[in-house]
Structures are given as C-alpha cells and as structure tokens.
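Report on the following structure.
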Amino acid sequence: MPLAGITLALVIFGVYVAFQAPRKELPVKTMIGHNGSPLLAFLYATGEGAEGRNVFTSSKFSSSSDVGYALLSGTIHAGFIEPEKALELSRLSGFEKLLVLGKVTFPYGVTVITKKGSSLRLQDINGHHIGVPSDNPALLEEFTKAVSKYPLQLNQVDYRFLPADAIIPALDSGKIEGAIVKGSKAVIAISDGHNILFQKWDMEPGNECCPPVIDQLEFVLVAQKNNQALNSELVKILGRSAALSPSVLREALSRTEHVPETLFADLPLASFEVADNQLLQLFSRHSGRDHHKKSGPAHHAVP
C-alpha cells in the first residue's frame, strides 16, 4: 500500500477509536439568580474567583420575584430572594421542591439620604418632604432621638410615610427630597448616585418581641433540594467568599456596579451565613409593621 494510503488509514482508525471511547461530559455549571443588589458583594467576588467560576454562573434578573419564579420553573438551581418575596414564594405550589440554604444580613442602622445632585444639608431639611418607611416608623424615632443633641429645627419637616420599596423611586421622581431609611437601603441609594447626610450604626435591631435577624435580614438563598452535594458545596464556596477581606469584596462590588471603590468605603458589607427553612417560619411570625411598633406615645408628631 502506498505511504499516503497507510497514513489515511491510520487517521481514519484514530478517529474511529476516539468516537468509540467513552466521552466525559463537561460539568453543567450551577446557575444562581440575583437582582443585582450592591449588598451581594460576596457573590460577585465568588464569580470572579477560579473556584466559583468552576461551580456556578450567576444570572441577573429584574427583580427577586423573577428569581423566585425561575426557581419554581427549574430554570435556575439557586437564587437570592428578598425576605418578603421568599415568604410569598413559600406559599406557592412547587415550593416543596425547594429549600432555604442561607441568609444575607446587613448591620441595622438609620440613614438620611437626599436626591442625586441635591445640595440640601441636614440642617436644611425643615420644611422639606422627607420620606419615611411606613412599615418601620421606629427609624424616624431613632433619627429624632439621635439628632436631638444638635441645634437643629425639625418641627416643620413634612414627613411622607411610604412603603419601603417606594422610597427610592419617590426620591428618583422628585416626589420627596430626602428619606430616612435603614442602612441597607443607603447602600442601594448611594450606588444610584444619591447622597448620604446622616448615619447611625449603633441602633439596636429587634425589640422586646422579635429577634434581631428580622431587622437585619436582606436576602434568603433558596435552592432546588434535589442535589444535596451541590448545595453543600455552593454554601461552602459562598461562605469562604464572604470571609474575604473587605477590600477584595469592595473591589468586586465596584467592578460589578461600575463605580469607584471609594463610593462604598464608609459603608459596612453584608454577611452570608447558612440557614434553613426555619428562617422563613421565623420571618413569617415576626415580620411586618407590628414588629416595629413601640409601646407608648410616639416621640415625634407627624403632620
């Protein structure tokens, strides 16, 4: 046989053997859904590391409600969902196939923010429209008490009580000129370009009836329960990422948000910890307006 024919025969034989040999399938990466919150710095840092990239890929959704629906449909394996939305999800058919893997918490504090581009100062808010979350009037009480030692006139502030989720949209649209919010909302506001006028981080979370986690809880990690080994690995990787140095986490956050790292330098970082379905049961019992009510008369008259 001519040399060319022998070479061709060997090539054909090699291809045949390659196709007959058992082929190892590439592992399918776990997809984690999120809403792009600046509170998830540890998730973004995990996605940048080799360990995280080998195990999962993250997918941004327009809201955490959409993350929940993607979980129910099986489109994604795991997702970070806001507590109220996770509680709603737990009441839907199909949730029995899911389970809680972890929780994201953030230090509880009171913050005063103003609209992007505003020159309003804290001593100037008298007579202006200032939003207050209607489900957490304790923030207003805490703010009033904290600034009472300063020579500020606040008796004519026009407080506007709004649902917590409506505060920042109202600020964006100009319906209010500033707002009193809990610390985690300030992270979202500053990432959108708004200003911080006042912060108080030594505010005690919880009250006489309810545990601190109710005030500190920002996201619940929910996952499909059909792969215990994968879920265990996922929690370990996220936990290691959350333990990275603050500078590494802020760098990952600034790259994700496309803003200077210094923007978040004075703000705390969220924490990630293991949790289970009992977290939603606890949240169901203690969340809502009643959790934030204080006994006795209010310290500040709201017009």
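Flag: Glu84 matches the condition of being within 27 Å of Ser271 (Cα to Cα), within 20 Å of the chain's Cα centre (by Cα), of a type in the set (D, E, K, R) and surrounded by fewer than 20 Cβ atoms within 10 Å (Cβ to Cβ). Whether a residue is touching a residue at least 60 places away in the same chain (Cβ under 8 Å) and of a type in the set (Ser, Thr, Tyr) was assessed, and Ser247 does not pass this test. The residues of the range 87-98 that are touching a helix residue (DSSP H, G or I) at 6+ places or on another chain (Cβ under 9 Å) and open to solvent by 60 Å² or more (accessible area, probe 1.4 Å), listed by number, are Glu88, Leu92, Ser93, Lys97. Within the range 118-166, the residues that satisfy the criterion of being of a type in the set (Gly, Ala, Ser) and over 28 Å from the mean Cα position of the chain (by Cα) are Ser119, Gly127, Ser148.
Residues that are assigned to a helix (DSSP H, G or I) and not aliphatic (A, V, I, L, M) were ranked within the range 137-165; the one that is most open to solvent (accessible area, probe 1.4 Å) is Lys145. Of the candidates Leu101, Leu71, the single residue that is of a type in the set (A, V, I, L, M, F, W, C), open to solvent by less than 10 Å² (accessible area, probe 1.4 Å) and within 25 Å of Thr256 (Cβ to Cβ) is Leu71. Taking Leu269 as the residue in question, decide whether it is touching a helix residue (DSSP H, G or I) at 6+ places or on another chain (Cβ under 9 Å), within 28 Å of Glu177 (Cα to Cα), modelled with pLDDT of 90 or more and open to solvent by less than 60 Å² (accessible area, probe 1.4 Å). Considered against the rule, which asks whether it is touching a helix residue (DSSP H, G or I) at 6+ places or on another chain (Cβ under 9 Å), within 28 Å of Glu177 (Cα to Cα), modelled with pLDDT of 90 or more and open to solvent by less than 60 Å² (accessible area, probe 1.4 Å), Leu269 comes out as yes.
Please work out if Leu197 is surrounded by fewer than 21 Cβ atoms within 10 Å (Cβ to Cβ), in a loop (DSSP other than H, G, I, E, B) and of a type in the set (A, V, I, L, M, F, W, C).
Details: surrounded by fewer than 21 Cβ atoms within 10 Å (Cβ to Cβ): yes; in a loop (DSSP other than H, G, I, E, B): no; of a type in the set (A, V, I, L, M, F, W, C): yes.
In short, no.
Residue pairs whose Cβ atoms lie under 6 Å apart, sitting 6 or more positions apart in sequence or on different chains, and linking a residue in the range 57-73 that is over 14 Å from Ser90 (Cα atoms) to a partner that is open to solvent by 60 Å² or more (accessible area, probe 1.4 Å), are Thr57/Lys29; Thr57/Met31; Ser59/Met31.
The values are calculated or read from the model by the stated rules, or taken from the named source; none is laboratory data. Computed from a predicted model, the values in this text were never measured in an experiment. Every residue, glycine as well, gets a Cβ built from its backbone with ideal geometry; the counts of neighbours run over all protein chains shown. Ligands, DNA and RNA are excluded from the accessible area calculation, which covers all protein heavy atoms including side chains. Shrake-Rupley method; radii C 1.70, N 1.55, O 1.52, S 1.80 Å.
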